[in-house]
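Asker: This is the structure I have questions about; it appears just below.
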Amino acid sequence: MTEEHHHHRHEPKHERHEHRHDHKHDGRAPQEPAGPAAEPEDEAAGASAGPAAAQDKAPAVTGRQRLKAGLWPPRLTRAQLIVALLLFVLGLGLAIQVRTTSDNGTLRGARQEDLVRILTELDNRSQRLQDEKRGLESQRSELETSSDQAAEALKQTRQKARELGVLAGTEAAQGPGITLTITDPHGGVESDSLLDTVQELRAAGAEAIQINNVRVVAGTYFTDSGSGVRIDGHQVAQPYVVKVIGNPPDLEPALNIPGGVVQTLEKEQATADVVRSQKITVDALRPQKQPDYARSSQ
């Protein structure tokens, strides 16, 4: 064991001796690499300097700008939109469910007195709504009734105005009646004969009378003139055509009674011809005149 230990201790010296011998035998000191070997360092330096110069020229981009560029404008696909819509609907449903659950939980946790009070308030509110509904329905019925009554009243008023217009001679009239034609070739018919004829017709129920182109009303007057008769100041020449609206079976006999209009005209050498008709038109009109002093008492 002593010999082996001694051998190991001297072995490194031997190796160092051989290494020194190699250097001495070479006779030259270690030299550094020549110029071309330095080119990779220069290239690396140039390469590192190039990006640095480019970075100096380009504007600096912050992290917020990069985040904004990545998020805007948003690029959403159809699937993403559908998912977002489903999530919104789900969230809304959950919110409603939570609110309903909260309300139910509040009611379940309320005292009996509170529940009775809530039910009483609901009953009172329902009763008020029912009363308001009945009131509105009643008002609607009244308005409809009033509207119908107003429409009916307006209709009746217009009808009455037309009837009064027929009597006053301001409205044209049409209906059954007779036509009396008086021919007076000798001029023996005077104004009183025409007045008697009108009075007989009125007594028989005549509702509208027209002689030639003059409407005969309650205030109509007759006067004699050298060439005929004047009615309300209008000259009327023979033949005198009298249009009368009324019941023909009543009008015609009233003219033919003994000593009546027809016999009187025959005595004056005139002829009277009566024709019944179911359609007599009285279209001569009198101008409307407003009373100066008389006013309605209603």
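Asker: Would you check which residues across region 193-217 are charged (D, E, K, R) and surrounded by fewer than 20 Cβ atoms within 10 Å (Cβ to Cβ) and list them? First the steps, then the outcome.
Answerer: Here is the first cut: in region 193-217, the ones charged (D, E, K, R) are 196, 200, 202, 207, 215.
Selection gives Asp196, Glu200, Arg202, Glu207.
Asker: When you go through (1) modelled with pLDDT of 95 or more; (2) over 60 Å from the mean Cα position of the chain (by Cα) one by one for Val242, which number turns out not to apply?
Answerer: Failed condition: (2).
Asker: Looking for whichever is touching an Asp or Glu at 6+ places or on another chain (Cβ under 7 Å), over 18 Å from Arg162 (Cα atoms) and of a type outside the set (Val, Ile, Thr) here; the options are Ala272, Ala254, Ala294, Ala237. Which one fits?
Answerer: On the way: Ala272 fails: touching an Asp or Glu at 6+ places or on another chain (Cβ under 7 Å); Ala294 fails: touching an Asp or Glu at 6+ places or on another chain (Cβ under 7 Å); Ala237 fails: touching an Asp or Glu at 6+ places or on another chain (Cβ under 7 Å).
Result: Ala254 is the single residue among Ala272, Ala254, Ala294, Ala237 that is touching an Asp or Glu at 6+ places or on another chain (Cβ under 7 Å), over 18 Å from Arg162 (Cα atoms) and of a type outside the set (Val, Ile, Thr).
Asker: Which residue is surrounded by the fewest Cβ atoms within 10 Å (Cβ to Cβ), if the candidates are limited to region 231-252 and must be under 19 Å from Thr183 (Cβ atoms) and of a type in the set (D, E, K, R)? Break it down into steps so the answer makes sense when it comes.
Answerer: Looking only at region 231-252, we keep the residues that are under 19 Å from Thr183 (Cβ atoms), and these are 231, 235-244, 252.
Filter once more, keeping what is of a type in the set (D, E, K, R): 243, 252.
Working: Lys243: 24, Glu252: 18.
Restricting to residues being under 19 Å from Thr183 (Cβ atoms) and of a type in the set (D, E, K, R), the top hit is Glu252.
Asker: If the requirement is being surrounded by 10 or more Cβ atoms within 10 Å (Cβ to Cβ), assigned to a helix (DSSP H, G or I), of a type in the set (A, V, I, L, M) and modelled with pLDDT under 80, which of these qualifies: Leu94, Leu119, Leu143? Full working, then the answer.
Answerer: Values: Leu119 fails: modelled with pLDDT under 80; Leu143 fails: modelled with pLDDT under 80.
None of the others qualify; the one that does is Leu94.
Asker: Same structure again: Which residues, counting only those in region 274-298, are touching a strand residue (DSSP E or B) at 6+ places or on another chain (Cβ under 9 Å) and either among the small types (Gly, Ala, Ser) or over 19 Å from Ala208 (Cα atoms) (or both)?
Answerer: If we filter region 274-298 for residues that are touching a strand residue (DSSP E or B) at 6+ places or on another chain (Cβ under 9 Å), which is where we start, we get 274-286.
Matches in region 274-298: Ser277, Ala284.
The values are calculated or read from the model by the stated rules, or taken from the named source; none is laboratory data. What you are looking at is a predicted structure, and each value in this text was computed from that prediction instead of being measured. Note that each Cβ is placed from the backbone with ideal geometry, even for glycine, and that neighbours are counted across all protein chains shown.
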